[in-house]
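Each remark here refers to the structure printed beneath this line.
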Amino acid sequence: MSKAGKRNAEAKPHNFPNPSRSYDETRHGVRFWGYDRTFEISFFVEDGALSKVSPEASADEAGSLNTFDVNRDQICAVAWNVYSRDRKASYIYSYTLTDSDF
């Protein structure tokens with residue numbers, strides 16, 4: 001890897017390589033995971049936030065997962081912003097994204 005490539009990788013330690021996501025019927029939203037260097041970070045995006053991203057989508061499991069898949073890059077960017085803003089305690093590895101985050 002070139003020096004410039006290493007600098008870019010170091011400047012952006014977070015990533016979302018895991019394409020897995022699941023619908024949480026109890027909490028009504030989608031769970032997904034990202035990484036900050038060696039730490040796995042769990043995220044949950046509420047149905048209300050998904051409907052703000054895509055107002056025309058249905059709020060059932062299939063609609064929520066489709067909205068997530070179609071808007072994954074935007075949702076991951078918001079997730080990273082929430083994580084960066086709220087990571088005051090090193091022991092918190094789970095974050096909820098609400099409609100106010102979008």
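The values are calculated or read from the model by the stated rules, or taken from the named source; none is laboratory data. Computed from a prediction, not measured in an experiment: that's the story for all the values here. Every residue, glycine among them, receives a Cβ derived from its backbone with ideal geometry; neighbour counts consider all protein chains shown.
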Can you find a residue in segment 46-69 that is among the β-branched types (Val, Ile, Thr), at pLDDT 95 or above and in contact with a strand residue (DSSP E or B) (Cβ under 6 Å, 6 or more places away or on another chain)? no
Residue hits (segment 1-38; of a type in the set (Lys, Arg) and at pLDDT below 85) are 3, 6, 7, 12, 37
When segment 32-79 is checked residue by residue, the ones that are part of a strand (DSSP E or B) and under 17 Å from residue 17 (Cβ atoms) are 32, 33, 34, 35, 36, 39, 40, 41, 42, 43
Identify the single condition in (1) touching a helix residue (DSSP H, G or I) at 6+ places or on another chain (Cβ under 9 Å); (2) in contact (Cβ under 8 Å) with a residue 24 or more places away in the chain; (3) exposed (fewer than 15 other Cβ atoms within 10 Å of the Cβ) that residue 37 does not satisfy, given that it satisfies every other one. (1)
Please specify each residue of segment 21-65 satisfying the condition of being under 17 Å from residue 96 (Cα atoms) and polar (S, T, N, Q). 22, 26, 42, 51, 64
Hey, could you check segment 50-68 for residues that are within 15 Å of the chain's Cα centre (by Cα) and free of Cβ contacts under 8 Å to residues at least 40 places away in the same chain and say which is surrounded by the fewest Cβ atoms within 10 Å (Cβ to Cβ)? 66
